[in-house]
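Engineer: One structure follows; several queries about it will come next.
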Amino acid sequence: MSSAVLTSPSVERVRDALSRAGLGPTIVELPGAARTAKAAAEYLGCEVGQIANSLVFRAAASGRALLVMSSGAKRVDLARLATLVGEPVDKADAEFVRRETGFAIGGVPPVGHGLAHAFVERSLAGYRELWAAAGHPHTVFRLTYDELVRITAGAQADLA
């Protein structure tokens, strides 16, 4: 990998957001793209459940973007999410994700995009350390569940 990944504008945006949030974690460059939780876990040598996926959904009626931080070992229950937000939800397509967050699918971080509606899946609390995307499909950073809840200002929810 080239060090250009670690200094890309997207990764720098995440680094700045983490710094403003009082976190100074090291952003790790992976040897290949980790577009899935399974791939990220294999690169990191951790459990799939420790991967905090940043998933973007679209509220069907209002069109607002919703960030769900979910364990890589779980699947988000759209009916539960819809109940929480009070309207049907759909998984967002790549264009919507890029427009709303400024990041490409596979590299969407928990911070640095300004999404106001965030949820953190409670199953992530079962892990001492988590890994989240850092703005590029080749980058991640380590944090705790409590840090994830704090930096996303996410509502803790049972969504799996």
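The values are calculated or read from the model by the stated rules, or taken from the named source; none is laboratory data. The structure displayed is predicted, hence computed values, not measured ones. FYI the Cβ positions are ideal-geometry reconstructions off the backbone, even for glycines, and counts take in every protein chain you see.
Engineer: Go through region 117-135 and give me each residue that's within 14 Å of the chain's Cα centre (by Cα) and assigned to a loop (DSSP other than H, G, I, E, B).
Structural biologist: H117, A134, G135
Engineer: Now for a separate question. Taking only pairs six or more apart or across chains, which ones have beta-carbon atoms under 8 Å, a first residue in region 92-103 that is closer than 13 Å to V68 by Cβ, and a second residue that is among the acidic types (D, E) and in a loop (DSSP other than H, G, I, E, B)?
Structural biologist: Pairs found: none.
Engineer: Of the residues V85, V76, only one is under 14 Å from the mean Cα position of the chain (by Cα) and of a type in the set (A, V, I, L, M); which? Don't jump to the end; show me each part of the working.
Structural biologist: Numbers: V85 fails: under 14 Å from the mean Cα position of the chain (by Cα).
Exactly one of V85, V76 is under 14 Å from the mean Cα position of the chain (by Cα) and of a type in the set (A, V, I, L, M), namely V76.
Engineer: Then there is this: Considering only residues that are surrounded by fewer than 17 Cβ atoms within 10 Å (Cβ to Cβ) and part of a loop (DSSP other than H, G, I, E, B), which ones fall in region 1-12?
Structural biologist: So the first thing to find is which residues in region 1-12 are surrounded by fewer than 17 Cβ atoms within 10 Å (Cβ to Cβ), and the list is 1-4, 7, 9, 12.
Of everything in region 1-12, those that are surrounded by fewer than 17 Cβ atoms within 10 Å (Cβ to Cβ) and part of a loop (DSSP other than H, G, I, E, B) turn out to be M1, S2, S3, A4, T7.
Engineer: I would also like to ask the following. Scan region 115-142 for residues that are of a type outside the set (G, A, S), in contact with a strand residue (DSSP E or B) (Cβ under 6 Å, 6 or more places away or on another chain) and crowded, with 20+ Cβ neighbours inside 10 Å and jot them down.
Structural biologist: We begin by selecting, within region 115-142, every residue of a type outside the set (G, A, S); these are 115, 117, 119-122, 124, 127-131, 136-142.
Within this subset, residues satisfying the condition of being in contact with a strand residue (DSSP E or B) (Cβ under 6 Å, 6 or more places away or on another chain) are 115, 117, 119-122, 124, 129-131, 138-142.
Hits for region 115-142 are L115, F119, V120, E121, L124, L130, W131, H138, T139, V140, F141.
Engineer: Give region 36-58 a look and list any residue that's of a type in the set (S, T, Y) and part of a strand (DSSP E or B), or say none.
Structural biologist: Our first condition is that a residue be of a type in the set (S, T, Y); within region 36-58, this holds for 36, 43, 54.
Listed by number, the list holds a single entry, S54.
Engineer: Restricting to region 136-157, name every residue that is assigned to a loop (DSSP other than H, G, I, E, B), of a type outside the set (V, I, T) and at pLDDT 95 or above. Give the steps one after another, and end with the answer.
Structural biologist: Initial filter on region 136-157 (assigned to a loop (DSSP other than H, G, I, E, B)): 136-138, 144, 153-154.
Narrowing further to those that are of a type outside the set (V, I, T): 136-138, 153-154.
Scanning region 136-157 gives A153, G154.
Engineer: Return the residues of region 13-66 that are polar (S, T, N, Q) and either within 16 Å of the chain's Cα centre (by Cα) or surrounded by 15 or more Cβ atoms within 10 Å (Cβ to Cβ) (or both); say none if nothing qualifies. Steps first, please.
Structural biologist: Step one: of region 13-66, the residues polar (S, T, N, Q) are 19, 26, 36, 50, 53-54, 62.
Hits for region 13-66 are T36, Q50, N53, S54.
Engineer: Just checking, which of V89, V108 is within 25 Å of S19 (Cα to Cα) and surrounded by 22 or more Cβ atoms within 10 Å (Cβ to Cβ)?
Structural biologist: Working: V89 fails: within 25 Å of S19 (Cα to Cα).
Result: V108 is the single residue among V89, V108 that is within 25 Å of S19 (Cα to Cα) and surrounded by 22 or more Cβ atoms within 10 Å (Cβ to Cβ).
Engineer: Continuing with this model, one more query. Confirm whether A61 is over 22 Å from R150 (Cβ atoms), in contact (Cβ under 8 Å) with a residue 40 or more places away in the chain and not in a helix (DSSP H, G or I). Don't jump to the end; show me each part of the working.
Structural biologist: Values: over 22 Å from R150 (Cβ atoms): yes; in contact (Cβ under 8 Å) with a residue 40 or more places away in the chain: no; not in a helix (DSSP H, G or I): yes.
Taking the combined requirement at face value, the residue does not satisfy it.
Engineer: A follow-up question, please. Mind checking which pairs have a first residue in region 134-160 that is farther than 10 Å from E121 by Cβ and in contact (Cβ under 8 Å) with a residue 60 or more places away in the chain and a second that is polar (S, T, N, Q) and surrounded by fewer than 16 Cβ atoms within 10 Å (Cβ to Cβ), Cβ under 9 Å, 6 or more apart or different chains?
Structural biologist: F141/T26; R142/T26
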